[in-house]
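The values are calculated or read from the model by the stated rules, or taken from the named source; none is laboratory data. This is a predicted model, so every value here is computed, not measured. In this analysis, Cβ positions are derived from the backbone assuming ideal geometry, glycine residues included, and neighbour counts consider all displayed protein chains. Side chains included, ligands, DNA and RNA excluded: accessible areas come from the protein's heavy atoms. Shrake-Rupley method; radii C 1.70, N 1.55, O 1.52, S 1.80 Å.
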Amino acid sequence: MTTFLYTHPACLDHDPGRRHPESPARLRAVLAALDDPEFTRLERCEAPEAAREDLLRVHPRRHVEGILAAVPKTGHVGIDADTVLSPASGEAALRAAGAVTAAVDAVVAKEADNAFCAVRPPGHHAEPQRAMGFCLFNNAAIGALRAREAHGLGRVAVVDFDVHHGNGTQAAFEADGGLFYASTHQYPLYPGTGAASETGVGNVVNVPLRPMAGSSQFRLGMTQRILPALDAFRPELVLVSAGFDAHRSDPLAQLMLEEADYTWVTEKLLEVAYRHAAGRLVATLEGGYDLSALAASAAAHIRVLMSA
Ligand SMILES: [Zn+2]
């Protein structure tokens, strides 16, 4: 089985500021973990810049051009209190989205069985018309719409186990029955969306978890709510918003997951992908702010992808 790993040095150059939790050190930690000999079989690919037409399936032109025009020549520019641009942010954001579209192309073409995009900035808080929560473009949604519009897949799902609700992906998907979005997340927590009552056109499943919830509540939410709905949807491609900030060590939230939970959920999502989508699964990095927990959790996730 072949797992592609997409990344790009520009994703390390995006710098939201010295004290910012979404630091280049996050991606360095993930890539360092993947330097271990057990990951030599990963096929390493350079993430291309996303094409404008791919971005424009999710974001209006005003948003795309506005973000790229706001990128400073020196120093930092804040889009909001926690979403900050540095000189490298434009290229990083284009490479992050382009990683996912290239990974989608590769799994649809059967060049790869599945893929992991080790990129930043993350994407799931980026709404069609608004960058927020460290996110500029919605990488997962852009990949989903490429799968549908460029490859003709009828049903595309995003499953999001980041500790924060992916308000941006939900906003992009909630009126479109050919797309499916499911999320486990701490609630209440930033960004404030993700109540169980938010169901889109029957294509959105939110599983809010109380602070201090751990493995058993997470797995129950997956097995009782998300996985049955995902099976009923019969996705032709499974995208994963792979944030690892629900780990018990993470400083930004209070869920209590461990590496074993990421192994477990990856196995379950791959099973769905094999039942309905010929195994096609593309995961993209979202959050995860404790460097060693992030690295170990991402490694656990990718280990399962490679064993598919
Ligand atoms: Zn998060």
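Points to keep in mind about this one:
- Accessible-area value, LEU94, 1.4 Å probe, nucleic acids and ligands omitted, Å²: 10 Å²
- Longest to shortest principal axis, alpha-carbon extents of the stretch 154-195, angstrom: 33, 17, 13
- Debye, to nearest 20: dipole size of the chain, +1 on Lys, Arg Cβ, -1 on Asp, Glu Cβ: 300 debye
- In the stretch 66-188, the portion of solvent-accessible area held by carbon and sulfur atoms comes to 49 percent [1.4 Å probe, whole percent, DNA, RNA and ligands not counted].
- Think of each Lys and Arg Cβ as +1 and each Asp and Glu Cβ as -1; about the Cα centre, that makes the dipole of the stretch 234-288 roughly 300 debye.
- Annotation for the stretch 1-68: trypsin sites (Lys or Arg not before Pro) lying in DSSP loop with at most 13 further Cβ atoms inside 10 Å of their Cβ are ARG18, ARG19, ARG41.
- Accessible area per residue, Å², the chain with all protein chains present, probe 1.4 Å: 36 Å²
- Percent of C-alpha pairs per 10 Å bin, the stretch 190-308, short to long: 13, 43, 37, 6
- Per residue, the Cα convex hull of the chain amounts to 106 Å³.
- ³J(HN,Hα), Karplus 6.51/-1.76/1.60, whole Hz, each residue of the stretch 276-288, x for Gly, Pro: 10, 10, 6, x, 5, 9, 10, 10, 9, 5, 10, x, x
- Two-site label geometry, ASP35 and GLU174: point separation in nm, points 7 Å out along Cα→Cβ: 4.3 nm
- Residues whose amide H lies under 5 Å from that of CYS117, counting only those 5 or more places away or on a different chain, are TYR6, ALA283, THR284, LEU285; hydrogens are built 1.01 Å from N in the peptide plane.
- Ordered by solvent-accessible area of protein heavy atoms (1.4 Å probe), largest first, the residues PHE161, PHE134 come out as PHE134, PHE161.
- Karplus-derived HN-Hα couplings along the stretch 173-190 (A = 6.51, B = -1.76, C = 1.60, θ = phi - 60°), whole Hz, x at Gly and Pro: 9, 5, 9, 10, x, x, 10, 9, 10, 9, 9, 9, 6, 5, 8, x, 5, 3
- Put the Cα centre of the stretch 245-308 next to the Cα centre of the stretch 162-200 and the gap is 18 Å.
- The stretch 85-184 shape via C-alpha gyration tensor axes, a/c threshold 1.5: oblate
- For the stretch 199-308, the residue among LEU227, LEU255, ALA283 whose Cα projects farthest onto the positive side of the dipole built from Cβ charges is LEU227.
- Normalised by the number of residues in the chain, the average gap of Cα pairs under 8 Å and 6 or more apart makes the relative contact order 20 percent.
- Shape parameters for the stretch 1-132, alpha-carbon atoms, Rg then Dmax in Å: 15.2, 45
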